[in-house]
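Working notes for the structure below.
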Amino acid sequence: MVYIGIDLHRKRSQVAALDDQGELLFNRRVPTRPAELFEVLASTGEAPVEVVFEATFVWGWLADLLADAGIPTHMAHPLATKAISSGRVKNDSVDAKTLAHLLRTNLLPEAWLAPPPAREARRLVRMRAALVRIRARLKNQVHAMLAEHGVAVEMSDLFGSSGRRLLSELRLPPISQQRLEACLRLIDRVSEEVALADQHVKTLFARDPLVERLLPIPGIGITIAATIVAEVWDVSRFSTSDQLCSWAGLAPSEHTSADNVRRGHISKQGSRWVRWVMVEAATHALRDPELRQLFLRVAKRRGVKIARVAVARRLLTLAYYALRSENGCRSYPVNPTSTVEARSLAVMASADGR
């Protein structure tokens, strides 16, 4: 067996190979192109190979390429690869060799290799979330501009019908007026793209049975349910709800030594997309009596922000059990007589921006 570690980069990557005894066969830098990488892999001879690389933003195509070639592939978790991050000498050559060594000795902290359909679904929901954030920043610029000119905004939604009427009647200094009109044009254009993304989300997920199980949970609409499904994808890789919450960064950090236990704020390590949508869902889930009681109980002791995070973790726990059971979670089971569209309209407003 030959163990190959790849320190993957966008243009050029470092490839190191070790044999069964840990002897270095080669450690070379090659262009990050399929032909060159396969040429390096072929130079190992007839021995079977296993490949490992760190999780980076360009890993997907390499994983698919190796899978199509029938080569066993592993992805190292960058935060857990302490042999690399804590080394005195850290460069691409050392990193590639260390990855190969960790794979050979069965000490590799592996990350989950999401299949191509999961990665495509993630691109869709993440793109929509990015568009919503862009639109929010543009709206904040408009609010800031009006505040600078002392314009009072009495309506709750500046970008509703009455707010738009106010904005159309404003006459600001020339440069400010130009910037205001530019922001409004961009907001309208981004809103069109958000609406188109919403249609794509509904087309992809409207009949997904996993989404159907999530919609009865308070605060979870079609967009948040789609994000959870796309990001988690295979819930069976989490044996408990605590593991899922930890993966989403909603578990408290902990430092324990003997009988001394110290727990801090949430770790914020893991899927920032799931963490974000669950906090959004928590904001809209407080009409549910039980969740509101949880919020008030925690807010009294720890404050509103921590209470909202506590509700977000409870919602993700409910989502975990909903994804594992065909009938949804026990507290909010699936109603088999209703449609996905009806349930998505019945739930509270979520990150859809409604």
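The values are calculated or read from the model by the stated rules, or taken from the named source; none is laboratory data. Just so you know, these numbers come straight off a predicted model, no measurement behind them. Don't worry about glycine lacking a Cβ; one is built from the backbone with ideal geometry, like all the others, and counts go over all protein chains shown. The area values use the complete protein model at the heavy-atom level, side chains included, leaving out ligands, DNA and RNA. Shrake-Rupley method; radii C 1.70, N 1.55, O 1.52, S 1.80 Å.
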Query - Length-normalised contact order for the range 11-115 - Cα pairs under 8 Å, 6+ apart - percent - result: 31 percent
Query raised in the report: Does the range 12-81 come out rounded, prolate or oblate by the C-alpha gyration tensor, with a ≥ b ≥ c the root eigenvalues, rounded set by a/c under 1.5 and, if not, prolate when a/b is larger than b/c and oblate if not?
Result: rounded
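Rounded to the nearest 5, what is the percent of antiparallel bridges among the DSSP beta bridges in the chain?
70 percent
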Report summary line: Taking placed amide H atoms and a strict 5 Å upper bound, the residues 5 or more places from residue 76 or on another chain that come that close are 53, 54, 55, 111
Query raised in the report: Hey, rough spin-label estimate for residue 10 and residue 157, points 7 angstrom out along Cα→Cβ, what's it come to in nanometres?
Result: 3.9 nm
Query - Potential extension, residue 137-residue 253 segment - 0.36 nm per residue separation minus Cα distance - result: 38.7 nm
Query - Area accessible to solvent at residue 168, 1.4 Å probe radius, in Å² - result: 70 Å²
Report summary line: For the range 267-283, Karplus-derived ³J(HN,Hα) couplings (6.51, -1.76, 1.60; θ = phi - 60°; whole Hz; x for glycine and proline) come out as 6, 6, 10, x, 6, 5, 6, 5, 4, 5, 5, 5, 5, 4, 4, 4, 5
Report summary line: Answer in debye to the nearest 20: the dipole magnitude of the chain about its Cα centre, from +1 Lys/Arg and -1 Asp/Glu charges placed on Cβ, is 1620 debye
Requested in this report: Just name one of 239, 66, 331: the one whose Cα is farthest towards the positive end of the charge dipole of the chain (beta-carbon charges, Lys/Arg +1, Asp/Glu -1).
Outcome: 331
**Report entry** Count of Lys pairs (Cα-Cα under 28 Å; at least 8 positions apart or interchain) in the chain
**Finding:** 12
Requested in this report: Give me the angle, in degrees from 0 to 90, between the Cα long axis of helix 116-148 and the longest principal axis of the Cα atoms of the chain, rounded to the nearest 10.
Outcome: 40 degrees
Query raised in the report: What does the helix-only formula give at 222 nm for the chain: each DSSP H stretch with n ≥ 4 adding -39500 (n - 2.57), the total divided by the residues, and the result rounded to the nearest 500 deg cm²/dmol?
Result: -17000 deg cm²/dmol
**Report entry** Nonlocal amide H pairs with residue 49, under 5 Å, H built at 1.01 Å
**Finding:** 2
Requested in this report: Using DSSP to define loop residues, name the trypsin sites (Lys or Arg not before Pro) in the range 154-200 whose beta-carbon has at most 12 other beta-carbon atoms within 10 Å.
Outcome: 171
**Report entry** residue 219 long-range amide H proximity, modeled H, under 5 Å
**Finding:** 348
Query raised in the report: Once percent of Cα pairs over 36 Å apart is worked out from the coordinates, which option in [x] 20; [y] 40; [z] 26 does it equal?
Result: [y]
Requested in this report: For 300, 97, 139, write out the residues from largest to smallest accessible area, computed with a 1.4 angstrom probe and no ligands counted.
Outcome: 300, 97, 139
**Report entry** Mean separation of Cα contacts under 8 Å, 6 or more apart, over the residue count of the range 63-174: relative contact order %
**Finding:** 21 percent
